[in-house]
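The values are calculated or read from the model by the stated rules, or taken from the named source; none is laboratory data. On a predicted model such as this, the values are computed, not experimentally measured, just so you know. Reconstructed Cβ throughout: ideal geometry from the backbone, glycine too, with neighbour counts over all protein chains shown. Surface areas here come from the heavy atoms of the whole protein model, side chains and all, with no ligands, DNA or RNA. Shrake-Rupley method; radii C 1.70, N 1.55, O 1.52, S 1.80 Å.
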Amino acid sequence: MIRAKLHQLQEGCILAEDVLGKTKKTIMPKNTVLTPALLNVLEKFLIEEVCVEPVLANGNPFRPAELLGQHDGDNTSNEQPISLYLKAVQKYKKAFQSWQSGSPIDIGEIRDIIIPLFDKFVHHRKELLTLYRYATKEDYLYHHAVSVGLLSGFLAKQLDYSKGDCYQIVLAGILSDCGMAKVDQRILAKKSALTTSEYEEVKQHTVFGYRMVQKITSLKEGVKLAVLQHHERNDGTGYPFGIRDQQIHPYSKIVAVADVYHAMTSERLYRRKQSPFKALEKIQVEHFGKLSMEAIQILLDSLINFHIGTVVKLSNGEMAEIVFMQREAPTRPIVKIVNKDEFLSLSEHRDIHIEEVIY
């Protein structure tokens, strides 16, 4: 990690340690990605220096003009999970670009990118469930692939799959969108909503992807089916074949939930991100009967465990701190309005929702 003065920081720096105020209360937790607004917050709290990761959120190295001291150097075994994740995204990006040029999938390369990273994240669940924070519009496709791989493995582990099956499901997740490499690059880079014909071409990525992994002998058949079926839905409304519940492989159902969750919570070229609270609430309603409710429940339960003390922005513009998670309504916690002695139960105020997680 690197200790840097406030003036040395830049947008995209990632906190390597909690930032404490004069009263020793946490102002910002570790792994927060600094934005101009958050840099302003640090300045107002008179913070002079902080510890940050040696890489920025976009995967580029952070090299301030003068270093105030650092440790852990380039020792990969001591690197923080988020730093390793961002490097993995850039490695996947290079692999994806090689597929676009016609190269076949090197499954050994993909295993080396994702499996050690998954082993690392197994012990850092909170970081795993907030990977959406690091996805950028420009590199969304690559963040999405790595994140879906990690999230799929996490869901599989919580569903008591064996270690070997978890690894296969991790590979299914990271390869689920490999077929996007065969979609017209102009469509992938388009910054506005897709036309009907463009969307139809994008939907073909599942078939393209299946053809790319079909002959890889080290992958289980379930992995190949997950690449093909992760957009199928239990009620038959999915694609490419509109098959139903029993026809969909269990691996596919796990990857589908990871795919939808990360897509809804991430910033994309033509769609704004949503908070995990809003996303899971919409998933419960809009995808009821379509996705695995067992896998969705794991994500809901994870919200309860990790978000006490989180500062959020509400849809009415107020800033608030989560003070109590309600198990029966995890997407609608009780919050305390910042700078006011006012508590609000979002389950009783259905017109207000959590719009954004600040830190």
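Things worth noting here:
- Across segment 288-323, the residues whose backbone nitrogen lies under 17 Å from the label position 7 Å along the beta-carbon direction of Ile337 are 312-323.
- Given charges at beta-carbon only (K, R positive; D, E negative), |dipole| of the chain in Debye: 360 debye
- Rounded percent of accessible protein surface that carbon and sulfur make up, the chain, 1.4 Å probe: 49 percent
- Extending 7 Å from the Cα toward the beta-carbon at both Thr196 and Ile107 defines two label points whose distance is 4.0 nm.
- Computed over the alpha-carbon pairs of segment 280-358, the distance histogram in 5 Å steps reads 3, 16, 27, 24, 16, 9, 4, 1, 0 percent, short to long.
- Segment 295-322 residues near the modelled His349 label - backbone nitrogen below 15 Å, point 7 Å along Cα→Cβ: 312-322
- Shape index of segment 218-359: Rg/Rh, with Rg the Cα radius of gyration and Rh the Kirkwood radius from the inverse mean 1/r over Cα pairs, equals 1.06.
- Put simply, the convex hull of the Cα atoms in the chain casts, on average, a shadow of 18.8 nm².
- For Met293, solvent-accessible area (1.4 Å; no DNA, RNA or ligand), Å²: 70 Å²
- Selection from Thr136, Val146, Leu188, by position along the positive dipole direction of segment 114-210 (Cβ): Thr136
- Rh (Kirkwood; distinct C-alpha pairs) - segment 199-250, Å: 11.2 Å
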